1. Determine if segment 189-199 includes at least one residue that is crowded, with 17+ Cβ neighbours inside 10 Å, closer than 24 Å to residue 56 by Cα and among the hydrophobic types (A, V, I, L, M, F, W, C).
2. Taking the condition modelled with pLDDT of 85 or more, closer than 19 Å to residue 107 by Cβ and touching a Ser or Thr at 6+ places or on another chain (Cβ under 9 Å), does residue 214 pass?
3. Report yes if residue 99 is touching a Ser or Thr at 6+ places or on another chain (Cβ under 7 Å), aliphatic (A, V, I, L, M) and surrounded by fewer than 21 Cβ atoms within 10 Å (Cβ to Cβ), otherwise no.
4. Where the second residue is open to solvent by less than 20 Å² (accessible area, probe 1.4 Å) and among the β-branched types (Val, Ile, Thr) and the first is free of Cβ contacts under 8 Å to residues at least 40 places away in the same chain and closer than 15 Å to residue 112 by Cβ and lies in segment 171-193, which pairs have Cβ atoms under 9 Å and are six or more apart or on separate chains?
5. Name the pairs whose Cβ atoms lie under 7 Å apart, with the first residue in segment 117-141 and within 14 Å of residue 179 (Cβ to Cβ), the second in a helix (DSSP H, G or I) and not aliphatic (A, V, I, L, M), and 6 or more positions between them or separate chains?
6. Are any of the residues in segment 98-115 modelled with pLDDT under 90 and over 16 Å from the mean Cα position of the chain (by Cα)?
7. Does residue 89 count as assigned to a helix (DSSP H, G or I), in contact (Cβ under 8 Å) with a residue 12 or more places away in the chain and farther than 24 Å from residue 179 by Cα?
8. More than 20 Å from residue 84 (Cα to Cα) and either at pLDDT 90 or above or open to solvent by less than 30 Å² (accessible area, probe 1.4 Å) (or both): which single residue out of 173, 134, 177 fits that description?
Amino acid sequence: GGTAIKTAVLLALLVVGGIWGWASATEPVAEDIGSGFGNTTVTIPGGFWLASLGAFFVGIFTSLNPRRAALFGGIYALLEGYVLGAISAMFDAQTEGIVGAAIIGTVCVFLAALVLYALRIIRPTSKMAFGVAAAMCGLGLLYFFVFILSIFDWSWLYSDSFRTIGIVVTTIAVILAALSLTLNFAAIERGVEAGAPKFMEWYCAYGLMVTIVWLYIELLRLLALLSRNR
């Protein structure tokens, strides 16, 4: 219960940061030319990269010491929310309604993972945790490799073959994020059973929020790739 409340607090701060980032990335045009994004200019806000770096370093700083999560977890949520808000505005400008679909998808996957864990249909094990961690490392290396290649030639990122590969890889990432949620649930349950100190509620809530953010980003990317394929 304590972890659930603290997760809700962090997600609320994430939403506040998201609203701030979305508002910073969008600006009404001088002339009314129709509905939707025809009336809006979407650009990268000035504080985007600063917030990105801040979220990265605060996230690492928080991960290294569970006691820091009570304070720095909230700071991370605001910074990450700002970044997500700006990114979401850019995605929604290209495909209207994609953000709402990604949010609904994130909620549905979260609830499905929770139900499957509660019914013990999926039982997290040490082998599963190792497999998810290894797959995440491999995925990270793949993203880094693609980033390096895009520096030299970014035109191939828009080819049909890359979109197909991107859909497959992103689908795998969504599955990994869903499995990571079950690992989060197991960590919370073990903490309760072991009588872990109260500050661990904030740390577990922070870890759960990070996984939810990852899931949302991957679903947003997947929906964008699917819409481009059509």
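1. no
2. Yes: the conditions hold for residue 214.
3. No; evaluated as a whole, the condition is false for this residue.
4. 184/211
5. Here the result reads 117/182; 117/185; 122/182; 124/182; 132/180, each pair linking segment 117-141 to a residue that is in a helix (DSSP H, G or I) and not aliphatic (A, V, I, L, M).
6. No: segment 98-115 contains no residue that is modelled with pLDDT under 90 and over 16 Å from the mean Cα position of the chain (by Cα).
7. Yes; evaluated as a whole, the condition is true for this residue.
8. Matching residue, one of 173, 134, 177: 134.
The values are calculated or read from the model by the stated rules, or taken from the named source; none is laboratory data. All values derive from a computational prediction rather than experimental measurement. All Cβ positions, glycine included, derive from the backbone under ideal geometry; neighbour counts span all protein chains shown. Heads up: the accessible areas ignore ligands, DNA and RNA and are worked out on the full protein's heavy atoms, side chains in. Shrake-Rupley method; radii C 1.70, N 1.55, O 1.52, S 1.80 Å.
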